[in-house]
Structures are given as C-alpha cells and as structure tokens.
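See below for the structure under consideration.
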Amino acid sequence: MKEDKRGNRAAGQADPGTGRSGSGVEVEGHYHDLVALSRVSAAISGLDDLDAILRIGLDNVLGIMNGAVGGIMLLDEPSQMLFYRVYRGLSARYAEGMHLKLGEGVAGKVAQDGRSVLLEDISSEPDAAYMDLISSEDLRAFISVPLRAKNSVLGVMNVASHMPHRFTKGDVHMLHSIGDQLGIAIEQARLHERLRGARERLRKLARQNLAAEEAERRRIARELHDETSQSLSGIALQLEALIEISARSGDQDAQFIAGLKKAQSLTVQVHREVSRVISNLHPAVLDTLGLAAAARQHAKTRLQPLDIEVTTEVQGTEMRFPPDVEAALFRVVQGAIGNIAEHSMAKKASIVLVYQPEEFSLRISDDGQGFDVSRITDVEESGRGRGLFSMRERIGFMGGTSGVESTIGEGTTVWARIPITQDTEYGKNKSTGD
C-alpha cells in the first residue's frame, strides 16, 4: 500500500527534516481529511441498500488510502460473531473463514472495546486470530476501526497492506470518522430493511384479509341464494296459492284476503331486497359472464332508479381474469358507482373497460359536482376516504396503478390499470400515493 500524502504530518505534526512545526502540512492534512469525509458522505448519501452502502464506502476508503486490500465485517446480533460482508483484495477463502467472536483477534477486540487498532505488521501480532489465513494472504500493515451508531458497535472496517508500513494517527483519525459515518448509514439501512419487511408483512396480511373477505362475501351470497332466497320464493308462491284458493272457494272474508295479499307483497319485497344484497355481496353474473357484464348490470341496477344515465363500453377483445382479480376489479367499479349514487348529483355516468395484450384499464366517470381530491389524505373516522384507499390497495396488490381525478363542478373520474401477465397475479404494490 502506498503511503498517503498525510503520513509525515500526521505522525508527529512536525517536519521530520527540520523538527519545526509543519503548520502548512497540517492545514493540508485537515483539508484532505475533510475532502475524504465529504467523498464518503456524498457517495453513501440517500442509499438505503446495506450492501451498496458497504461496497461504496469501502471502495471510497481504499481509494482515499491508495490501497487495494480491505473489508467490512458486520456483527451478527444473535451469534455475536463478526463476518465479512464486503471485501476487496482478499481471497474468498480468507473472507469466508474469518469468523470472529467479540474479543477474539484484532477485529474482535476492536468490536468489543470500540477502540481502533493500527499495526505495522499483523503477521507478528500475538493476539491475531487465524494466523494461517493471515499468512496465506501475506498481510502486514493493518488498521481496524469500529463502525458505530450511537453507543453500539455494528461492525469493523479493516484496511491492510501486503508490506510492513507505519500507518499514522492521522490515518486512524480519518478512518475513525468515516467509520462513524458508515455506522450511522448501516443503522439507517437496517431500519429501512425492517420497515420494508414490516410494510411487506402488512401488505401480505391485507391481501389475505381481502381474499378472506371476498371468500366470505361469496359464501354468504351463496347461502342467501340457496337458502334464504329460495325460501322467500317458496313463501311468496304459497301465499299466492292461498289467495287463489280463497278466491275460488268464495271466501268473502275481505280482511283475511287483504292480509294474505299484504303478506305476499311484503315477501316479494323482501325477496327483491335479498337479491340486491346478494348482488352487492357477490353477483352471480361475475362468475358466469365476467367483469364487463357484472359492471354493466350493477351500474344499471344502482344508477337508473336515480335517473342517472349510465353507459358501459368495452374496448379491445374481452378476456377473463382469475376470480380474485375479477373480484378486486369489480369492487373498484362497485365503490365508484356507489360514490356516484350517493354523492355526485350527476346526470350521466360512463364505464369504459379497455382490454389490451399487456394491460387492462378501466375508467368510471360522471358529470356531477366533483370534489377536492387533495383534501382526502387519510381515512377519516366517518369512513370518508376509505373507498379511495381500498381501491389503491386492491389495484396495488395486482401490480397496478390507480387514482381519482376530480374538479369541483365538472365531475369525477376514477381510473385503474393493471398489467396482464401469464397469471395476472398479485404483485408489488405500486399504487398512486403509496
């Protein structure tokens, strides 16, 4: 390893040829330290990938030290062992074989004590561990500095040379400062990893909840159709038969016949209501004819009684998706149509479904009063905003994007797009606002 320009200055802060204070050299050394720290800081700034931080940090350190041998060992919390995570100029045999307990070897003591160590020749160091590996790598000069965040040591950074060499206190000071920077970056990267893991677990749980919810909707709809709806149909028919029998028998009890008719009318009304509930839970047409038919039927059933003119347009060649995908897309349609019915005060609405080879998209628009989308930033206790965020989750789980566009007085458009893959599976959440 070539000696750094700062070597003479840092060793004693004096010019070795004159014995006089080398203030000019000292100033230059401080400048180089600041430049080095700035280089490392700029290189790792904004990164949250741990391996990228370590590789870039190590490469910058070796560049600053004019060296080609070094590595970063991280402390594994459960085992309290140090392992090489990244390295340069070292063999895989050395890096994979160098596993150190806290307090073991030079690096192990640095990790345990939190104090840097510099050695002119590690091959003659009695406390060095795995001397056979050190000899096989022909390592001589050696610096080990802790990587710290707050009061914890997360690992060590080692810089070495193949020749005996006197590293300076300035080298140690500079590497120590870089080590603190890397320690903070490592802690932040680990926090990002844990956050990503937590978010992925939440998304997985949300997917499972949505799937369970859809399965429960389907089950309840089936039971209502097979049992409740059929029973109500049977009761209505029996009442109608009783009314006819009473009329044929000449029974003139008007009050009795009126009671039968009222009971029959109420039964028919309840049957219609149950059919509506079944359709909202899980329309049978979604399973038999697909998304377009289910969307068309639901929109007409929901909006036409409110005198809202609605059209459904299909562009491209219609195709069927897996049941969970079609169910998720139908919930988006259902939510948008429900908002039109309850809040829009619209006169017209439209649904456009676009089938392309690599993408499916839908747009649901109305000419109603519109609203300020920017004001919906979270789900309120009243439930306002739940539909928007639910849509983003459903579409996001399929690897798609979604959004709402609205202008006060000019209506609202809800849109969603999902990629069409071989299986059109749930994928990475890329929803707008995620």
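The values are calculated or read from the model by the stated rules, or taken from the named source; none is laboratory data. The structure presented is a predicted model; accordingly, all values stated were derived computationally and were not measured. Glycine also receives a Cβ, built like all others from the backbone with ideal geometry; neighbour counts cover every protein chain displayed.
Quick check on the range 403-430: of everything there that is more than 17 Å from LYS348 (Cβ to Cβ) and of a type in the set (Gly, Ala, Ser), which residue is modelled with the lowest pLDDT? Don't jump to the end; show me each part of the working.
First, pick out the residues of the range 403-430 that are more than 17 Å from LYS348 (Cβ to Cβ): 403-404, 408, 415-430.
Retained after the next criterion (residues that are of a type in the set (Gly, Ala, Ser)): 403, 416, 427.
On the way: GLY403: 90, ALA416: 94, GLY427: 43.
Per the stated criteria, the residue is GLY427.
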*Restricting attention to the range 346-359, report how many residues are touching a strand residue (DSSP E or B) at 6+ places or on another chain (Cβ under 9 Å) and part of a loop (DSSP other than H, G, I, E, B).*
4
*Residues of the range 139-174 classified as crowded, with 24+ Cβ neighbours inside 10 Å, touching a residue at least 40 places away in the same chain (Cβ under 8 Å) and either under 14 Å from GLY57 (Cβ atoms) or polar (S, T, N, Q) (or both), total*: 8
*So which residues in the range 167-221 are under 30 Å from PHE142 (Cβ atoms) and either outside any helix (DSSP H, G or I) or outside the structural domain of VAL86 (by TED's automatic domain parsing) (or both), if there are any at all?*
PHE167, THR168
*Would you confirm whether any residue within the range 288-300 is farther than 24 Å from GLY400 by Cβ, at pLDDT 90 or above, in the same structural domain as THR401 (by TED's automatic domain parsing) and outside any loop (DSSP other than H, G, I, E, B)?*
yes
*For residues in the range 41-85 being modelled with pLDDT of 90 or more and of a type in the set (S, T, N, Q), which is surrounded by the most Cβ atoms within 10 Å (Cβ to Cβ)?*
GLN80
*Could you tell me whether the range 115-122 includes any residue that is closer than 21 Å to ALA185 by Cβ, of a type outside the set (Phe, Trp, Tyr) and in contact with a helix residue (DSSP H, G or I) (Cβ under 7 Å, 6 or more places away or on another chain)?*
yes
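Out of all the residues in the range 6-21, is one or more outside any helix (DSSP H, G or I), among the aliphatic types (A, V, I, L, M), modelled with pLDDT of 90 or more and at negative phi? Walk me through it before giving the result.
At the first step, the residues of the range 6-21 found to be outside any helix (DSSP H, G or I) are 6, 13-21.
With the extra rule that they be among the aliphatic types (A, V, I, L, M), the set shrinks to 14.
With the extra rule that they be modelled with pLDDT of 90 or more, the set shrinks to none.
No, the range 6-21 contains no residue that is outside any helix (DSSP H, G or I), among the aliphatic types (A, V, I, L, M), modelled with pLDDT of 90 or more and at negative phi.
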*If you take the residues in the range 111-144 that are outside any loop (DSSP other than H, G, I, E, B) and over 22 Å from MET163 (Cβ atoms), which one is nearest to the chain's Cα centre (by Cα)?*
ALA111
